[in-house]
Every structure is written in structure tokens, then in C-alpha cells.
Amino acid sequence: MPFWFFYILVSAEVPQKKFLISSKSAVLNQIQQKASYKGNVSISHDKFTIKGDNLVISYDQGVMKELFITGLPLIYEENPILKSSQVSIKADQMAYQVENNQLNFKGKVALQRNDDTVTADSLNYNLDTQEISAASNGKNEPIRIIINSLPN
């Protein structure tokens with residue numbers, strides 16, 4: 001079964017971002033300005049790795065605007081700069097807004113940072129500020145946060 005590798009260099013108003021994308025299949029549509037990847041999708045970046053089942057990338061005039069990935073579950077893992085801070089997030093879907101470096105997770109979200117955990121229906125994570133906000137849809141369980149130790 002073929003295994004596709006695509007290396008994308010994004011030139012935008014934001015600093016250039018390099019992504020290595022692998023999947024079992026890919027469809028690139030220049031007219032619709034979309035790229036779709038299916039089957040064992042993996043996105044590698046110098047700051048993170050994301051694994052899922054399906055990925056759709058939207059462009060505007062050749063500039064990457066959004067990555068939308070789904071999985072059962074999808075897995076986001078940061079490439080830790082410091083060994084003391086390792087972040088892993090599982091969810092049903094994620095949208096990455098490239099311009100503002102914002103990750104939006106939905107569906108059975110579970111974040112783990114070292115020994116601390118957050119579970120919620122949705123979670124927003126700003127990669128620049130490291131700010132995390134979580135919400136419950138009101139129908140399911142409330143947000144649960146377990147903090148094992150406070151930072152110094």
C-alpha cells in the first residue's frame with residue numbers, strides 16, 4: 001500500500017512554518033485551495049507532532065490558513081524544549097489556526113502536562129502564550145483538572 005510523504009514550506013505573513021505530512025493517500029486541489037490526506041496521517045513540525053485519520057488543509061492565495069484533523073482519537077504531542085514540560089492532548093478533532101498559532105480541540109479532550117491532567121468537551125491552546133482554556137458543553141461531565149504539583 002503506498003505511503004505518501006509531503007513536505008510543505010509555508011510562506012505567509014507569519015514566520016515560515018515547515019510541516020512534514022505523511023498519509024496513505026492525498027488529494028491536492030489548487031482551484032479549491034485545499035489539500036486532503038487520509039489514513040494514518042502524521043504531521044511533524046519542529047514544535048509538535050499530530051497523528052490522526054484525516055487531515056484537510058485550507059489555503060488562501062497559496063498561504064496555509066487552517067489545518068483540520070480528525071481521529072479516534074487524534075493525538076497531539078509537543079516536542080519538549082525542556083524535559084520538565086511534556087504536553088500530550090487527545091481529542092476527536094482539532095483545528096490549527098496557523099496565523100494566530102491557536103489549537104482548538106473538540107470531543108473527549110484529554111490534556112496531560114507532565115503529571116497534571118485536564119479533561120473537557122473542548123479546549124483551546126495558544127502555542128505562543130501557552131494559555132489553555134477549557135469548556136464543557138453542559139450536557140456531559142464538567143471540566144476536570146488534576147494538578148499534582150504547582151510550578152515554582
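The values are calculated or read from the model by the stated rules, or taken from the named source; none is laboratory data. If you're wondering where the values come from, they're calculated on a predicted model, not measured in any experiment. No Cβ is skipped: glycine too gets one built from the backbone with ideal geometry, and neighbour counts run over all protein chains shown. What goes into the accessible areas is simple: the full protein's heavy atoms, side chains included, and nothing from ligands, DNA or RNA. Shrake-Rupley method; radii C 1.70, N 1.55, O 1.52, S 1.80 Å.
Based on this model, can you work out whether P80 counts as assigned to a loop (DSSP other than H, G, I, E, B) and over 11 Å from the mean Cα position of the chain (by Cα)?
Numbers: assigned to a loop (DSSP other than H, G, I, E, B): yes; over 11 Å from the mean Cα position of the chain (by Cα): yes.
Considered against the rule, which asks whether it is assigned to a loop (DSSP other than H, G, I, E, B) and over 11 Å from the mean Cα position of the chain (by Cα), P80 comes out as yes.
Quick one: what pairs do we get from region 40-57, first residue within 9 Å of Y76 (Cβ to Cβ), second in a loop (DSSP other than H, G, I, E, B), C-beta under 9 Å, 6+ apart or different chains?
F48/N79; F48/L127; T49/N79
Identify all residues within region 60-77 that are open to solvent by less than 60 Å² (accessible area, probe 1.4 Å) and either within 15 Å of A110 (Cα to Cα) or aromatic (F, W, Y) (or both); write none if there are none.
Scanning region 60-77 gives T70, G71, L74, I75, Y76.
If a residue must be of a type in the set (G, A, S) and in a loop (DSSP other than H, G, I, E, B), how many such residues does region 30-77 contain? Give the steps one after another, and end with the answer.
We begin by selecting, within region 30-77, every residue of a type in the set (G, A, S); these are 35-36, 39, 42, 44, 52, 58, 62, 71.
Subset that is in a loop (DSSP other than H, G, I, E, B): 62.
Number satisfying all stated conditions: 1.
Considering only residues that are of a type in the set (K, R) and over 17 Å from N100 (Cβ atoms), look in region 29-59 and name the one that is surrounded by the fewest Cβ atoms within 10 Å (Cβ to Cβ).
K34
Quick check on this structure: which one of S58, S36 is closer than 25 Å to D121 by Cβ and of a type in the set (G, A, S)? Spell out the reasoning first.
On the way: S36 fails: closer than 25 Å to D121 by Cβ.
Answer to the selection: S58.
Report whether or not V118 is touching a residue at least 24 places away in the same chain (Cβ under 8 Å), within 18 Å of F19 (Cα to Cα) and open to solvent by less than 90 Å² (accessible area, probe 1.4 Å). If you could, list the steps in order and put the result at the bottom.
Numbers: touching a residue at least 24 places away in the same chain (Cβ under 8 Å): yes; within 18 Å of F19 (Cα to Cα): no; open to solvent by less than 90 Å² (accessible area, probe 1.4 Å): yes.
When the stated conditions are applied, V118 does not pass them.
Is region 9-22 home to any residue that is open to solvent by 80 Å² or more (accessible area, probe 1.4 Å) and either assigned to a strand (DSSP E or B) or modelled with pLDDT of 90 or more (or both)?
yes
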